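Engineer: I have a structure here, written as structure tokens, and I will follow up with some questions on it.
All of the numbers you see were taken from the coordinates with simple rules; none came from a lab. On a predicted model such as this, the values are computed, not experimentally measured, just so you know. Neighbour counts run over all protein chains shown; Cβ positions are idealised from the backbone, glycine included.
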DNA sequence: AATGTTCTGTTCGCTAGGAGACATAAAGGC
DNA sequence: GCCTTTATGTCTCCTAGCGAACAGAACATT
């Protein structure tokens, strides 16, 4: 058993949808090697170009994949929660990627050593199919991010980001300063302030010092660009669990 | 043998780097099912959400993966040439994707039925590894496109696009109107005119009615944003052949 | 309560690029 | 050659978002 399980009896691996979707035999074989670890806010799960010793299956946390440029400017490429895993480069064969993975909302994840993951990926067809389908959903999210970056306003992108993030948590609130959201979206903090102000004035959200509460999700979904729906639809189609976007 | 081979004796499957990198046994097994087909300019290799009956291994053509939004605005997500294949959704398990694939530079490709590809993907580890590594390179390109869309000027993006395209052809020239480039980059045609004008004034390229010639590639590489180098480095690292970017 | 720190809100000037309207200019059909 | 089509170059106006500076407000620390 993973060593932290006793300390956190309320966590079980099946909170991660990929693990939950495994056939019983595969799941049981993986179980002894899954280790529950806390992912604190801001932690770099992996660095650009760095070695991946583990993959992480988030339960209640969110991890952002983002790319930081030479001049310090950054942009989020995709976001991963309980519907997926962090570290696809391991089974894709590249071992590393040029992007970083940063914890955006603290919580717990089950980690698995890269060695065991690779072994299981080769041996278990259900696991392999699951991970590849997840990767395709991630690809869709990245592609849509590229399109959204090109064509949509900060306000629309903020709405998309909020909805994608909330789909990965179990509430309608999240803790995140405007500064950090700006880093994720690759825009200025002031731009986020302005966009959030509009949404707040419209009564869709409530913002207060790093704490956002979505008050009217249906209206927020009306205002978001089509990118959110595209990503969600593909995720629902490709992934087990039908919860994640 | 593929039916068009006789008509085009100068084409051989190994012009595609993925096919060329296969072990002899795997290559021979695939060979009878590879069919050389022309891909004319503008052809939609597949449509958004459509069924994929074949995958395509380009030899001397370029295929753009692009996403078209409801309002008609579009953006290129990635570009595929002789280093890769079109249709990764087949072996990733999703069967379809929300993006389109459009021929950007006419030429020939070897196509393989989806049924045979899936069979071989399951049975041949070398093929599987090759395709997954290629997919990771494609992911890098998509991620970098997202970042580039966010932070860089039209001129820089045009330079990136030119270099990525030329890396996939066998010359320093390509046929493409500014209008089409604008569609790919998701910007206005006037913006491309202006950016191309600057590059032309600087003596880096020559532009004339749909025909672009790169006159000074080293200087163009100096002027491009870092995104080009990131994509190229990852492609060189991940892919066989060391030619493609 | 005093103080420093961290967030958020707001301002002003500036620029890249979008929208649209045209003006050339080269190629092609006949 | 003439005329149409297609490609490119160039204007004008306008807006979103950047850069920078700063003010206030909430929170933390002592």
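Engineer: So how long is each side of chain A along the principal axes, counting just the alpha-carbon atoms, biggest first, in Å?
Structural biologist: Here the Cα extents, ordered largest to smallest, are 52, 38, 32 Å.
Engineer: To continue, here is another question. If I fit a long axis through the Cα atoms of helix A:226-238 and take the longest principal axis of the Cα atoms of chain A, what angle between them do I get, 0 to 90°, rounded to 10?
Structural biologist: 20
Engineer: State, to one decimal in nm and shortest first, how far the label point of residue B:53 sits from each corresponding label point in the other identical copies (label point: 7 angstrom along Cα-to-Cβ).
Structural biologist: When each copy's label point is compared with this one, the spacings are 5.2 nm.
Engineer: Under a no-solvent Debye model with one identical scatterer per Cα of the protein assembly as shown, what's log10 I(q)/I(0) at q = 0.09 Å⁻¹?
Structural biologist: Log-scaled intensity ratios, in q order: -0.61.
Engineer: Which ordering of B:31, A:164 is given by a fewest-first count of other beta-carbon atoms within 10 Å? Each step should come with its number before you reach the end.
Structural biologist: On the way: B:31 14, A:164 25.
With the sparsest Cβ surroundings first, the list reads B:31, A:164.
Engineer: Just the number, please: Stokes-Einstein D of region B:172-238 in µm²/s, Kirkwood Rh from C-alpha pairs, 10 °C, 1.306 mPa s.
Structural biologist: In µm²/s, the coefficient is 123.
Engineer: Another question, if that's okay. Which of B:59, A:177 has the fewest other C-beta atoms within 10 Å, and how do the rest follow up to the most?
Structural biologist: If I rank by nearby Cβ atoms, fewest first, I get A:177, B:59.
Engineer: Continuing with this model, one more query. Using helices alone, what [θ] at 222 nm do you get for chain B, with -39,500 (n - 2.57) per DSSP H run of 4 or more residues, divided over all residues and rounded to the nearest 500?
Structural biologist: Numbers: 10 runs with 107 residues, N = 245.
The helix contribution divided over chain B gives -13000 deg cm²/dmol.
Engineer: Now a separate question. Compute the angle between helix A:189-201 and the longest alpha-carbon principal axis of chain A, please, reported from 0 to 90 degrees and rounded to the nearest 10.
Structural biologist: The two axes meet at around 70 degrees.
Engineer: Moving on to the next point. Say a label goes 7 Å from Cα toward Cβ at residue B:35 in every copy; what distances in nm does this one have to the rest, shortest first?
Structural biologist: When each copy's label point is compared with this one, the spacings are 5.2 nm.
Engineer: Give the average over all directions of the projected area of the C-alpha convex hull of region A:102-210, one decimal, in nm².
Structural biologist: Values: hull surface 33.5 nm².
Taking the Cα atoms of region A:102-210, their convex hull projects to 8.4 nm² on average.
Engineer: For region B:130-184 and region B:195-245, what is the separation of their Cα centres, given in Å?
Structural biologist: A separation of 9 Å, based on Cα centres.
Engineer: How far is helix A:114-123 tilted off the main Cα axis of chain A, in degrees rounded to 10, range 0 to 90?
Structural biologist: Its long axis makes an angle of about 70 degrees.
Engineer: Going by how many other Cβ atoms sit within 10 Å of their own, how do B:145, A:193 line up, fewest first?
Structural biologist: By the 10 Å Cβ count, ascending: A:193, B:145.
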